[in-house]
Amino acid sequence: MYIVIAGGGEVGGELARTLEKAHEVVVIDRNPQARERLAPLDVKVVVGGATEPDTLREAGVDRADLFIASTDSDEVNLLASLLAKGLGARQVLCFVGKGGYVDVLADPRTAEILGTRIDKVLWPQRAMAREIVEVILVPEAVDMELLAEGRLRFVEYRVKEGGPYARRTLAEMAWPEGVLVVGVVRDGAFLSFAHPGWATLVLEPGDKLLFVTTLKAFPELEACFASGRGVRRVMVIGGGNVGFMVAKELLARRVEVVVIEPSRERCEWLSQELPRALVIQGDGTDLELLEAEGIREADAVVAVTDNDEKNLLASLLAKQLGVGKVITRVSRSETRRLFERVGIDLPLTPRQAAVRAVLDWLGPENVEHVSTMEENIELLEVELPSEFRPSLLRALARPDAVPIALERDHRVMLYREDLEALPGDRLYLVAAQEVADEVLARIVH
């Protein structure tokens, strides 16, 4: 496909990296430095504004199979998308950061008024906020996803120094019925249960254990890692779109929320929209302010300003003051690894959700990229086609990719070696990102 991406920043740059191997990609960016930044990729860079028709024509938008608007401005993305559609782009995806735009553009009357239609409006910040809330509500987990409409949970726990699982082999551990150990993440590499020597693998502090569990068994698994009280109080540093959505959802779950935001105008708006939250105008990196507002009593801190350095400093202060779980927004992948090394529990970026959304749009209709963990491990959901040849799940397993569960006639079943996958089943898989496409091609085609 011929793909034009407007914006070579956080989201657009990652999309270019993901798509350049299989597609012809052109990136439009106002900043001339984008050429140098994207030089390692096999992409063409056009310097100019995404809302300038001449720039769009230079990028070849008239012959684009797909146009993706992913700049930092909602308004630029919306206008660029409409211009691209008008100039001949076959399909148009538009990223936005405000929920109001999603509601308006999803209304069929909007297309009638505008005379054209944006094919898909994407809101990655919403997906990020939901992920943050789910992880907060499971105190010891570092990541969690709901599968099969909530009947399965995919959860990640870290092996801690001095904890019950450090320096023990997987073979000597017994887990509750309805729990499957999917794999171990060590230094960013995924080792599945199909890996040679799996049973004798000795867990080290810092390793992460991946599980899939039934809804019934989840409380028993949670009890294996629980070390204290449930979540009662959360401090959110940054009252932007993500911070607002996180706070709103936590309040709905009866969690006490404190929001710290530097903008007076934004604080006034947050106070009106979140009447049960405590909204404080101030700097989230001000130690005296954090202590005065009770950060030591917080069960979790969420740092989601639009500045990586501020997020890192606020997160380090929270850790230093004894906060049990710290979740941080990160814009750059190289920064993400640094955040983990200094003890941040879960560095997240909206970019991950953005890439998944585009891959789902481009890929077969029966494949969904549910989540990306560690930036290189994919959780996939596949509806097996009618031509799929029935296969035992063990035949589909490999060291870097494994089936973990099946859904058949609204019944969910965890991996068993003697369980057979049939056409029409919904298959859940975990795979290292570099082999995900190969694994999907083998199953779907």
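The numbers here are math on the coordinates, done by the rules we state, and not lab data. Note that the structure is a prediction, hence the values are computed from the model and not measured. All Cβ positions, even for glycine, are placed from backbone atoms using ideal geometry, and neighbour counts span all protein chains on display.
Key figures
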quantity	calculated
Summed side-chain charge close to A353 - residues other than A353 whose Cβ falls under 10 Å, Lys, Arg +1, Asp, Glu -1	+3
Cβ-based exposure ranking for C94, C267, in which fewest neighbours within 10 Å come first	C267, C94
Diffusion constant of the stretch 45-89 at 25 °C, which comes from Stokes-Einstein with the Kirkwood Cα-pair radius and 0.890 mPa s, µm²/s	240
Protection proxy ranking, peptides 149-156, 64-71, average beta carbon neighbours within 10 Å, highest first	64-71, 149-156
Distant-in-sequence amide H partners of A6 (H built 1.01 Å from N, under 5 Å)	I28, I68, A69, S70
Signed unit charges on C-beta, dipole axis of the stretch 180-297, positive-most listed residue V212, G294, G282	V212
Mean ellipticity per residue at 222 nm, deg cm²/dmol - from DSSP H runs of n ≥ 4 across the chain, formula -39500 (n - 2.57)	-9500 deg cm²/dmol
Per-residue Cβ neighbour rank within 10 angstrom, fewest leading, W361, W123	W361, W123
Given charges at Cβ of Lys, Arg, Asp, Glu: the chain dipole, positive-most of I377, G188, L152	L152
For q = 0.21, 0.24 Å⁻¹, Debye-computed log10 I/I(0) when each Cα of the stretch 352-444 counts as one equal scatterer	-1.04, -1.33
Only Lys, Arg (+1) and Asp, Glu (-1) charged, at Cβ; the chain dipole about Cα centre in debye	440
Compactness of the stretch 138-225 as Cα Rg over 2.2 N^0.38 Å, two decimals	1.03
In Hz, Karplus ³J(HN,Hα) per residue of the stretch 305-317 (6.51, -1.76, 1.60; θ = phi - 60°; x = Gly, Pro)	6, 8, 10, 4, 5, 5, 4, 5, 5, 4, 5, 5, 4
Ranked packing of 244-256, 29-41, most packed first, by mean Cβ within 10 Å	244-256, 29-41
Mean-position separation - Cα centroids, the stretch 322-400 and the stretch 183-237, in angstrom	16
Counted charge near L152, where neighbours are those whose Cβ lies closer than 11 Å (Asp, Glu -1; Lys, Arg +1)	0
Spherically averaged projected area in nm², based on the convex hull that wraps the Cα atoms of the chain	22.3
The stretch 294-301 - phi-based ³J(HN,Hα) in whole Hz, Karplus 6.51/-1.76/1.60, Gly and Pro as x	x, 5, 5, 8, 6, 7, 8, 10
Spatially proximal lysines relative to K120 (Cα-Cα < 18 Å; intrachain offsets below 8 disregarded)	K85, K98
Phi-based couplings in Hz for the stretch 282-293 (Karplus 6.51, -1.76, 1.60; Gly and Pro marked x)	x, 8, x, 9, 7, 4, 4, 5, 4, 5, 5, 8
